[in-house]
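Asks: Have a look at this one.
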Amino acid sequence: MLSLIVAMLLVLALAAPAMAERTLTWNEVNGDTYGATVAAKAFAEKLEEISGGALKIELYTNGTLGSEAESMQGIQMGTLDIFRGNASSLPNYGAEVIGATGLPYVFKDMAQFQEVAVSPLGDELLQSVADANCGYIALGWLVEGPRSLFITPSVYEKLGKPESFSFDMMNGLKIRVPETDLMVNTMKALNASATPIAYAELYTSLQSGVVDGAENGVTSYMDNSFNEVAPYFITDAHTFGCGVILVSADT
């Protein structure tokens with residue numbers, strides 16, 4: 001996985017002498033201390049180093065340049081250069097094959113995903129994004145880990161303060177999901193009421209009771225202080241945050 005990203009950086013660097021100096025924009029919906037943001041900063045430093053300063057990245061965090069949906073659209077239109085998107089979101093934008101990695105319970109653990117990511121199959125999945133000819137190039141994986149459910153105190157009370165959680169408890173719960181068909185359909189299959197809400201609105205939606213719970217990786221959960229308003233974290237690992245470094249085909 002790392003070797004693939006470095007190879008792509010070298011391709012960019014080799015092209016740099018034929019180009020004027022250029023600053024690329026990268027939007028990240030999470031904050032400065034988030035793992036994917038730290039990785040983006042390292043990516044930017046390496047790109048500037050091996051391009052001899054010809055290529056720089058200006059990184060915007062906390063969704064400054066828009067939500068996930070706005071960023072995905074911006075990449076397609078060429079108004080944004082780079083975004084760490086979710087593989088499960090890509091079918092909504094024309095790259096269907098890679099979306100299979102976001103199906104529930106495809107991977108049993110992180111080690112199994114990493115094995116796939118560095119395999120020929122992992123390379124084929126990344127290549128399928130460019131082959132779909134929908135405006136994206138996938139440089140490599142940037143994975144958050146397993147995504148799990150978390151619920152608010154009022155829901156925990158309503159469920160009778162259970163010591164363990166079972167999927168029959170999902171019936172009728174309003175669960176926030178990303179604005180993608182795959183995640184909406186996953187929650188519907190569990191008999192929950194899938195509620196697509198912009199990521200920036202999730203904290204207040206949990207706090208006000210607009211939704212009963214949500215799902216995400218533990219790093220996002222803690223980094224965005226969702227634990228303050230939804231302190232019951234259920235480690236069901238229903239899917240993995242198969243993040244993909246996407247570059248606009250125009251770029």
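Asks: Take the conditions without any contact (Cβ under 8 Å) to a residue 40 or more places away in the chain, over 30 Å from A20 (Cβ atoms) and either crowded, with 17+ Cβ neighbours inside 10 Å or assigned by TED's automatic domain parsing to the domain that holds E115 (or both) and apply them to S220. Does it pass? First the steps, then the outcome.
Replies: Details: without any contact (Cβ under 8 Å) to a residue 40 or more places away in the chain: no; over 30 Å from A20 (Cβ atoms): yes; either crowded, with 17+ Cβ neighbours inside 10 Å or assigned by TED's automatic domain parsing to the domain that holds E115 (or both): yes.
Spelling it out, it is not the case that S220 is without any contact (Cβ under 8 Å) to a residue 40 or more places away in the chain, over 30 Å from A20 (Cβ atoms) and either crowded, with 17+ Cβ neighbours inside 10 Å or assigned by TED's automatic domain parsing to the domain that holds E115 (or both).
Asks: Please state which one of A44, A69, A39 is among the small types (G, A, S), modelled with pLDDT of 95 or more and assigned by TED's automatic domain parsing to the domain that holds N133.
Replies: Result of the check over A44, A69, A39: A44.
Asks: Still on this structure, I have one more. Quick one: would you say L139 is in contact with a helix residue (DSSP H, G or I) (Cβ under 8 Å, 6 or more places away or on another chain), in a helix (DSSP H, G or I) and in contact (Cβ under 8 Å) with a residue 60 or more places away in the chain? Even if it seems obvious, please write down each step before you answer.
Replies: On the way: in contact with a helix residue (DSSP H, G or I) (Cβ under 8 Å, 6 or more places away or on another chain): yes; in a helix (DSSP H, G or I): no; in contact (Cβ under 8 Å) with a residue 60 or more places away in the chain: yes.
No; evaluated as a whole, the condition is false for this residue.
Asks: Based on what the data block shows, is G52 surrounded by fewer than 18 Cβ atoms within 10 Å (Cβ to Cβ), in contact (Cβ under 8 Å) with a residue 12 or more places away in the chain, small (G, A, S) and not in a helix (DSSP H, G or I)?
Replies: Yes; evaluated as a whole, the condition is true for this residue.
Asks: Next question, about the same structure. Looking at G63, G35, G99, G74, can you tell me which residue is surrounded by 15 or more Cβ atoms within 10 Å (Cβ to Cβ) and in contact with a Pro (Cβ under 6 Å, 6 or more places away or on another chain)?
Replies: Working: G63 fails: in contact with a Pro (Cβ under 6 Å, 6 or more places away or on another chain); G35 fails: in contact with a Pro (Cβ under 6 Å, 6 or more places away or on another chain); G74 fails: in contact with a Pro (Cβ under 6 Å, 6 or more places away or on another chain).
The unique qualifying residue is G99.
Asks: Looking only at the stretch 225-251, which residues are under 19 Å from V155 (Cβ atoms), touching a Gly at 6+ places or on another chain (Cβ under 9 Å) and surrounded by fewer than 22 Cβ atoms within 10 Å (Cβ to Cβ)?
Replies: Here is the first cut: in the stretch 225-251, the ones under 19 Å from V155 (Cβ atoms) are 225-236, 238.
Filter once more, keeping what is touching a Gly at 6+ places or on another chain (Cβ under 9 Å): 230, 232, 234.
Of everything in the stretch 225-251, those that are under 19 Å from V155 (Cβ atoms), touching a Gly at 6+ places or on another chain (Cβ under 9 Å) and surrounded by fewer than 22 Cβ atoms within 10 Å (Cβ to Cβ) turn out to be Y232, I234.
Asks: Just name the residue that is modelled with the lowest pLDDT out of those in the stretch 73-121 that are in a loop (DSSP other than H, G, I, E, B) and acidic (D, E).
Replies: Step one: filter the stretch 73-121 for residues in a loop (DSSP other than H, G, I, E, B), giving 78-81, 87-89, 94-96, 103-109, 118-119.
Within this subset, residues satisfying the condition of being acidic (D, E) are 81, 96, 109.
On the way: D81: 98, E96: 94, D109: 90.
Residue satisfying both the conditions and the ranking: D109.
The values are calculated or read from the model by the stated rules, or taken from the named source; none is laboratory data. The shown structure was predicted, so the numbers you read here are calculated from the model rather than taken from an experiment. All Cβ positions, even for glycine, are placed from backbone atoms using ideal geometry, and neighbour counts span all protein chains on display.
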